[in-house]
Amino acid sequence: MLVVSQWSVVMLVVSAIAALIGLSWLLHEAQQQSKQHPLQGCSPQQAYGETLWRMIFVYWLVYCGATGLQIAVPLEGTDLGQMCKITALLAFLLTFSSLLCLPMHYWQSRQRQQQQQPN
């Protein structure tokens, strides 16, 4: 049986709500931008950054869902319980790797902008 403290459950719920809000904000911004400038595309660097942010929020929601399912339903010793553990682990690792890629992406795009500017 998975034993967790009350504060960790509250933090899991709060972080899931925050990820939902962040993802909906990103999707709303993309929709507003496509309405204002329907023919104008964004640069590949900007699209990659937005995709990284979406991946972070979606992977974290998957982690929260898999962990919440483990807490809410006694799945210990079942195949579904093992799948939830593996899903939570993979989602956590993907979230972490996306978070590591984000500053490197911004650093690389800043370097490209500086190289493209004439001296």
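Close Cβ contacts (under 7 Å, 6 or more residues apart or on different chains) running from residues in region 7-30 that are modelled with pLDDT under 90 to residues that are of a type in the set (Val, Ile, Thr) and open to solvent by 40 Å² or more (accessible area, probe 1.4 Å) are absent. Among the residues of region 92-99, are any in a helix (DSSP H, G or I), modelled with pLDDT under 90 and either open to solvent by less than 60 Å² (accessible area, probe 1.4 Å) or hydrophobic (A, V, I, L, M, F, W, C) (or both)? No: region 92-99 contains no residue that is in a helix (DSSP H, G or I), modelled with pLDDT under 90 and either open to solvent by less than 60 Å² (accessible area, probe 1.4 Å) or hydrophobic (A, V, I, L, M, F, W, C) (or both). Of all residue pairs spaced 6 or more apart or on separate chains, those with beta-carbon atoms under 9 Å, a first member in region 95-119 that is touching a residue at least 40 places away in the same chain (Cβ under 8 Å) and farther than 13 Å from Trp53 by Cα and a second member that is open to solvent by less than 90 Å² (accessible area, probe 1.4 Å) and among the hydroxyl-bearing types (Ser, Thr, Tyr) are Ser109/Ser43. Given (1) surrounded by fewer than 12 Cβ atoms within 10 Å (Cβ to Cβ); (2) at pLDDT 95 or above, identify the lone condition not met by Gly41. Here Gly41 clears every test but (2).
Is it the case, given these coordinates, that Thr67 is among the β-branched types (Val, Ile, Thr) and within 15 Å of Ser15 (Cβ to Cβ)? Answer is yes for this residue. Checking Val10 against (1) among the hydrophobic types (A, V, I, L, M, F, W, C); (2) open to solvent by less than 90 Å² (accessible area, probe 1.4 Å); (3) in contact with a helix residue (DSSP H, G or I) (Cβ under 9 Å, 6 or more places away or on another chain), only one condition comes out false. Which one? Unmet condition: (3). Regarding region 43-55, can at least one residue be identified that is part of a loop (DSSP other than H, G, I, E, B) and over 19 Å from Val13 (Cα atoms)? Within region 43-55 (the criterion being part of a loop (DSSP other than H, G, I, E, B) and over 19 Å from Val13 (Cα atoms)), the answer is yes, since at least one residue qualifies.
The values are calculated or read from the model by the stated rules, or taken from the named source; none is laboratory data. Just so it is clear, the structure is predicted and the values come from calculations on it, not from any experiment. FYI the Cβ positions are ideal-geometry reconstructions off the backbone, even for glycines, and counts take in every protein chain you see. The protein model used for the area step is the full one, side chains on, heavy atoms only, and it has no ligands, DNA or RNA in it. Shrake-Rupley method; radii C 1.70, N 1.55, O 1.52, S 1.80 Å.
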